[in-house]
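The values are calculated or read from the model by the stated rules, or taken from the named source; none is laboratory data. Please read these numbers as outputs of a predicted model, since none were measured by experiment. Here the Cβ is made from the backbone with ideal geometry for all residues, glycine too, and neighbour counts use every protein chain on show. All accessible areas refer to the heavy atoms of the entire protein, side chains included, with ligands and DNA or RNA removed. Shrake-Rupley method; radii C 1.70, N 1.55, O 1.52, S 1.80 Å.
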Amino acid sequence: MIDGDDLKAMRKNAGISQELMAKKLECDRKTISNYEQGVSDIKSKQLFRWLMLCKIDTRSLLNQIKSVGGDLSSNSSEIKDDE
């Protein structure tokens, strides 16, 4: 879906430094670097804050999530514990 290169491109296109992004996300600059290099996975809460700070329209992403959620709930009877 969204990888470290995407995060970095969004941040740079928004004119936000790693230091400022770290301050806004209440973490350190190394954490931002780790997200962008793919060393660490970004938490969903921080991802949505990142998208908002970069002025990315999240409506289509939220619609996709809702769609997947609807698909999962309709297929929940088919899912078994060992899958």
Residues (at pLDDT below 75, in a loop (DSSP other than H, G, I, E, B) and either among the β-branched types (Val, Ile, Thr) or open to solvent by 100 Å² or more (accessible area, probe 1.4 Å) (or both)) located in segment 39-83: ILE79, LYS80, ASP81, ASP82, GLU83
Failed condition for THR31, given (1) more than 24 Å from GLN64 (Cα to Cα); (2) surrounded by fewer than 18 Cβ atoms within 10 Å (Cβ to Cβ), with all others met? (2)
Return the pair list, or none, for Cβ contacts closer than 8 Å from residues in segment 36-59 that are closer than 16 Å to MET1 by Cβ and without any contact (Cβ under 8 Å) to a residue 24 or more places away in the chain to residues that are in a helix (DSSP H, G or I) and open to solvent by 70 Å² or more (accessible area, probe 1.4 Å), at least 6 apart or on different chains. THR58/MET52
